[in-house]
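Asks: My questions will all concern the structure given below.
The values are calculated or read from the model by the stated rules, or taken from the named source; none is laboratory data. Not measured: the values here are computed from a predicted model. Here Cβ is always computed from backbone atoms with ideal geometry, including for glycine, and neighbour counts include all displayed protein chains. Surface accessibility is based on the protein's heavy atoms, side chains included, excluding ligands, DNA and RNA. Shrake-Rupley method; radii C 1.70, N 1.55, O 1.52, S 1.80 Å.
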Amino acid sequence: QVQLQESGPGLVKPSQTLSLTCTVSGGSISGSYYFWSWIRQPPGKGLEWMGLIYHDGSAYYNPSLKSRTSISRDTSKDQFSLQLSSVTPEDTAVYYCAGVSVYGLGLHFGPWGQGTQVTVSS
């Protein structure tokens, strides 16, 4: 069964770049039927989809975050990563990686990583 795990620093200073990595086990990130996605949840708020990466390595981003977001992959390590530049305290959130499945009725998010807390503070 496919499992995902986020890793990276839990504290980032304002104006710096947030960088997280998602490690996928139980399958290949390039050979499965999943797209790979990043989602976050700020304190007291709902989930916010950030973007996903396609099988060919191209990525699509939430327009509100596109200018600051980059998603990439390393197929040799079965990993994909998130970089969010110029962070502010509003970027403080629990960050999740997740697989995205395509079915006849639309998109389904899962499996999910456990999430990792990232705090932006000086």
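Asks: Which condition number in (1) within 14 Å of Tyr95 (Cβ to Cβ); (2) touching a Ser or Thr at 6+ places or on another chain (Cβ under 8 Å) is the one that Arg40 fails?
Replies: Tallying (1) within 14 Å of Tyr95 (Cβ to Cβ); (2) touching a Ser or Thr at 6+ places or on another chain (Cβ under 8 Å), Arg40 fails exactly one: (2).
Asks: Got a sec? Which of Pro63, Pro42 is free of Cβ contacts under 8 Å to residues at least 60 places away in the same chain and either open to solvent by 60 Å² or more (accessible area, probe 1.4 Å) or touching a His at 6+ places or on another chain (Cβ under 8 Å) (or both)? Walk me through it before giving the result.
Replies: Values: Pro42 fails: either open to solvent by 60 Å² or more (accessible area, probe 1.4 Å) or touching a His at 6+ places or on another chain (Cβ under 8 Å) (or both).
Among Pro63, Pro42, only Pro63 is free of Cβ contacts under 8 Å to residues at least 60 places away in the same chain and either open to solvent by 60 Å² or more (accessible area, probe 1.4 Å) or touching a His at 6+ places or on another chain (Cβ under 8 Å) (or both).
Asks: Hey, can you tell me all the residues within segment 88-113 that are out of contact with any Gly (no Cβ under 8 Å at 6 or more places or on another chain) and over 14 Å from Trp38 (Cβ atoms)?
Replies: Within segment 88-113, Thr88, Pro89, Glu90, Thr92, Val102, Tyr103, Gly104, Leu105, Gly106, Leu107, His108 qualify.
Asks: Let me ask another. Select from segment 66-80 the residues that are of a type in the set (D, E, K, R) and crowded, with 18+ Cβ neighbours inside 10 Å and list them in ascending order.
Replies: Passing the criteria: Arg73, Asp78.
Asks: Within segment 29-46, can you find the residues that are in a loop (DSSP other than H, G, I, E, B) and not hydrophobic (A, V, I, L, M, F, W, C)?
Replies: Listed by number, the residues that qualify are Ser30, Gly31, Ser32, Tyr33, Tyr34, Pro42, Pro43, Gly44, Lys45, Gly46.
Asks: While we're on this one: Starting from residues that are closer than 15 Å to Pro89 by Cβ and assigned to a strand (DSSP E or B), keep the ones in segment 1-28 and report whichever is most open to solvent (accessible area, probe 1.4 Å).
Replies: Leu11
Asks: Can you tell me how many residues within segment 29-39 are hydroxyl-bearing (Ser, Thr, Tyr), open to solvent by less than 50 Å² (accessible area, probe 1.4 Å) and farther than 13 Å from Gly115 by Cα?
Replies: Looking only at that region, the number is 2.
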